[in-house]
Amino acid sequence: MQWINEAKKPERLPVVLIDHLLCELKAGQSAMFLIRKYAANNESKQQLLEWFKPYEEFAYKGIGNLNTLKGKSNISKGIIAQSDSPYSQDLIDKMVLLIKEELHHFYQVLEIMDNRSIEYNHVPASRYAKGLLKHVKTYEPQTLVDKLIIGAFIEARSCERFAALAPHMDEDIQNFYVSLLRSEARHYQDYLTLAQQISSEDISERVEYFAKVEAELITMPDSEFKFHSGVPSW
């Protein structure tokens, strides 16, 4: 059985939407962690944490709702770059835009759930991202380069899943998923552009390596169903 055959079942819609919601948050968090570690000054690091607080409180503590999250996806001040990093401003510019879009998508998924009276219940992460991250090299700048390449593959796989799911969804979700394809594709390219900019070597070989790892994760039998899970094993 292929993933899409399970994902298109009406009874799977709650977990598809909830896990999608959490994937949007995690994508934003990953970008935020990169900015905090590699690019932002100390004041901006704290500002980034405050930006995410209402989303994380909802996702992990059940605090807040659709109304309290409305309009929270834009950051109030600009993020200031570290003065000693040659790539920090480019990383900030691309990642802040990505974060704004991911948090807006989080809100849009929550709206869809609310309209369908689907209650939010936290679901644990799939093996997918962890399976990619365990291949990250442990020295800089390769650690950062690898994380950026992984970010690109996660965006690409999300794009593939939205495109596969869209024809099987009702009109509202179908239109929403189609609308996500352009931004996900741009995020993929932004991650790879940054990775090549930061690396002192051509990244093609590393991209090919992670392509194989990612393909293995997505085609392996998986006992759990999630947005980025592998082939259902039941």
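Every number here is computed from the coordinates shown, using simple stated rules; none is lab data. As the structure is a computational prediction, the values presented were derived from the model and not from experiment. We place every Cβ from the backbone using ideal geometry, glycine too, and count neighbours over all the protein chains shown.
Just a few scattered comments:
- Only lysines eight or more places from Lys94 in sequence, or on another chain, were considered; those with a Cα closer than 22 Å are Lys26, Lys37, Lys45, Lys53, Lys72, Lys77, Lys147.
- For the chain: relative contact order, % (alpha-carbon pairs under 8 angstrom, 6 or more apart): 25
- Whole-Å distance, taken between Cα centres, linking segment 170-211 and segment 54-93: 20
- For log10 I(q)/I(0) by the Debye sum over Cα atoms at q = 0.07, 0.08, 0.14, 0.17 Å⁻¹, the value computed from the atomic coordinates appears in the list [x] -0.32, -0.40, -0.96, -1.25; [y] -0.23, -0.30, -0.93, -1.34; [z] -0.19, -0.25, -0.84, -1.31 under label [y].
- Extreme residue, positive dipole direction of the chain, given options Asn42, Leu165, Val123 (C-beta unit charges): Asn42
- Taking Cβ atoms as reference points and 11 Å as the exclusive limit, the residues near Leu194 contribute a net charge of -1, counting Lys and Arg as +1 and Asp and Glu as -1.
- Approximating the spin labels as points 7 Å out from Cα along Cα→Cβ, the Ser233-to-Glu119 distance works out to 3.0 nm.
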